Amino acid sequence: MNRVAIVSALIAFLVGLSVATFSELRVFLPAILKGAVVTVQVSILSIALFIFLSVLAGIGRARGGRAIRWLSTIYVEVFRGTSLLVILFWMFFVMPEFGVTLSPMFAGVAAIGLNFGAYGAEVVRGAITAVPKGQTEATIALNMSPYRRMTRIVLPQAIAIMIPGMSNLTIELIKATALVSAVTLVDITYAAVQQNQLHYRTVEIFLITMMLYYVLAQFVRFGGEALEEYFTRHLNRRV
Amino acid sequence: MDWDWDFTFETVLPRMWEAAGVTIWATVISFLLALVGGLILMLLKTHRSPWVSRPATEVIEFIRATPLLVQIFFLFFLLPEIGITLPPLTTGILAIGIYNSALCAEVYRAGFQAVPKGQWEACIALNMSTYRTYRDVIIPQSLPPIVPALGNYLVAIFKETPLLSFVAVAEIMQISKLIGAEYYRFTEAVTIAGIFFLVMSLVAAFLIRIVENYVKRSILH
């Protein structure tokens, strides 16, 4: 809690300072905040897709049959190996050639979700394999169905292990949303570049932009810490 | 979908070939910058005086918490304003180098902290100079965890270079965008860019594994 207080005090101080110092703030801040709304939208949607794909491909790689394991491995290698920007361009410019036209928002969310899902799958796989093997053996001895084994025993323990890695990736994801400006979405970064071309206030505009991303990242960091605490406490009580 | 092989071989590939050189050049130079910058940041962060280490920690945190793209734009617009005119490629390499310095600093720190404290104490007991302590004892032992992590950052930097297309550096992504805009055919160029990144990352990952094994074997006999 102490760090939350320090960070929010720091943010309040910096915002106050910037309001006091940067007289033209009123001119460009509304546009940047409008961009922040888009960034938050893209972030939330792609975080949902990212978590869904990570869990799916992670379980697939750790516990799937041969075909599923093979499919998830190909997914992970392809989307980890290519650059996010290339995937984004491919979705936006090449998909229409195949007759699938995606809206900029959809292309952005899909590209980011697919790319980070591949990284997240490795985190999830690592967490699942880190759950002691005896747990799985015990559930087999107790004649649990594979589905119940996963949802009741393995995943709850794996979640506590995977949260730090996943929250790091989520912060990376929020930073990566800056790329959606390449497919004509007006997010924080795009708005900042536009405003900079209008007003030539490079230092102010980009410091505010960076601070906005910093604030978003801090939300995720504290959220992740709270979740980790919740899940480990939850586990310890049961054990 | 219609894939035009003539267009691919006569127009796309020759131009992509040149651009691939720019991408690889940018990757290598940014990586070297990040290696040196990371070392400097790490030394500042672990400095004895809190007046040095605290600001260094905050700077590292701030660089890590803001998007690389914004930093590239920031440098790109800021440097000319304060009178430094650099070509976009240099600015971009600088931005990628600084961003990854902050990440590499953590790698170095983790590596050095993994060396048991007794090793330092033994060096003091043996009256070794600081230089010899680092060269013969600390650095060799901290390399095995550092090398694979740095290798991963090399691949990460490689995949970050398409960001340079935002400031019109003629690297592979920019060229495929330009080809797309000139001929109004994005399929071939963008797909080849994707395949290029995929193949290069897989090759790099393979090479890193070899280097990793080599370091493990040659240092920890």
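The values are calculated or read from the model by the stated rules, or taken from the named source; none is laboratory data. What you see is a predicted model, and the numbers here were worked out from it, not measured in a lab. Every residue, glycine as well, gets a Cβ built from its backbone with ideal geometry; the counts of neighbours run over all protein chains shown. Ligands, DNA and RNA are excluded from the accessible area calculation, which covers all protein heavy atoms including side chains. Shrake-Rupley method; radii C 1.70, N 1.55, O 1.52, S 1.80 Å.
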Exercise for the section: Please sort B:33-44, A:50-61 by packing, taking for each peptide the average over its residues of neighbouring beta carbons within 10 angstrom, highest first. Expected result: A:50-61, B:33-44
Practice task
Classify chain A as rounded, prolate or oblate, taking a ≥ b ≥ c as the square roots of the eigenvalues of its Cα gyration tensor: rounded when a/c is under 1.5, otherwise prolate if a/b is larger than b/c and oblate if not.
Solution key: oblate
Practice task
Measure off 7 Å from each Cα along the Cα-to-Cβ vector at A:ILE44 and B:ARG217, then give the distance between these two points in nanometres to one decimal.
Solution key: 5.4 nm
Exercise for the section: Would you please report the Å³ per residue occupied by the convex hull of the alpha carbon atoms in segment B:1-109? Expected result: 146 Å³
Handout entry: In degrees, nearest ten, helix A:188-199 long axis to first principal axis of chain A (Cα)
Key = 10 degrees
Practice task
Could you give the spread of the C-alpha atoms of segment A:96-143 along their three principal axes, from largest to smallest, in whole angstroms?
Solution key: 53, 21, 16
Practice task
Could you order peptides A:111-124, A:148-161 by the average number of other Cβ atoms within 10 Å of their residues, highest first?
Solution key: A:111-124, A:148-161
Completion exercise
Pseudo-spin-label distance A:LEU207 to A:PHE222, built 7 Å along Cα→Cβ, given in nm, is 2.3 nm
Practice task
Partner chain Cβ atoms within 10 Å, averaged over the residues of B:59-72 - can you pull that number for me?
Solution key: 6
Problem - Modelled FRET efficiency - R0 25 Å, A:ALA67 with A:THR151, Cβ distances, 0.05 increments - result: 0.70
Fill in the blank from the handout: Relative contact order as a percentage, chain B, C-alpha pairs under 8 Å and 6+ apart, gives 28 percent
Exercise for the section: Using only Cα atoms, figure out Rg for segment A:92-212 and give it as a multiple of 2.2 N^0.38 Å. Expected result: 1.56
Problem - Accessible surface ranking that places the most exposed of B:THR27, A:THR184, B:THR11 first, with a 1.4 angstrom probe - result: A:THR184, B:THR11, B:THR27
Handout entry: Heavy atoms of A:GLU172: accessible area, 1.4 Å probe, square angstrom to 10
Key = 70 Å²
Problem - Area of A:LYS34 that stays accessible when all protein chains are in place (1.4 Å probe, Å², to 10) - result: 150 Å²
Practice task
With label points built 7 Å along Cα→Cβ from the Cα atoms of B:LEU86 and B:ARG54, find their separation and express it in nm.
Solution key: 3.0 nm
Problem - Solvent-accessible area per residue, Å², over segment A:2-238 with all protein chains present [probe radius 1.4 Å] - result: 50 Å²
Problem - Those aspartates and glutamates that a straight Cα-Cα span of less than 20 Å connects to B:LYS117, excepting residues fewer than 8 apart in one chain - result: B:GLU106, B:ASP136
Handout entry: Calculated from backbone phi, Karplus (6.51, -1.76, 1.60) coupling profile of segment A:27-44 in Hz, x at Gly/Pro
Key = 6, 9, 4, x, 5, 5, 5, 4, x, 4, 4, 4, 4, 5, 4, 4, 4, 4
Practice task
Mind pulling the angle between the C-alpha long axis of helix B:88-113 and the longest principal axis of chain B? Nearest 10 degrees, somewhere in 0 to 90.
Solution key: 30 degrees
Fill in the blank from the handout: Along segment B:119-124, Karplus-curve 3J(HN,Hα) (6.51, -1.76, 1.60; θ = phi - 60°) to the nearest Hz, with x for Gly and Pro, reads 5, 4, 5, 4, 5, 5
Practice task
Identify all lysines with a Cα-Cα distance to B:LYS159 below 30 Å; exclude those on the same chain that are fewer than 8 residues away in sequence.
Solution key: A:LYS34, A:LYS175, B:LYS45, B:LYS177, B:LYS216
Problem - Relative contact order (percent, whole number), chain A, Cα cutoff 8 Å, 6+ residue spacing - result: 27 percent
Exercise for the section: Quick one: what are the phi-derived ³J(HN,Hα) couplings along segment B:168-175, Karplus 6.51/-1.76/1.60 with θ = phi - 60°, whole Hz, x for glycine and proline? Expected result: 6, 7, 7, 8, 4, 5, 4, 5
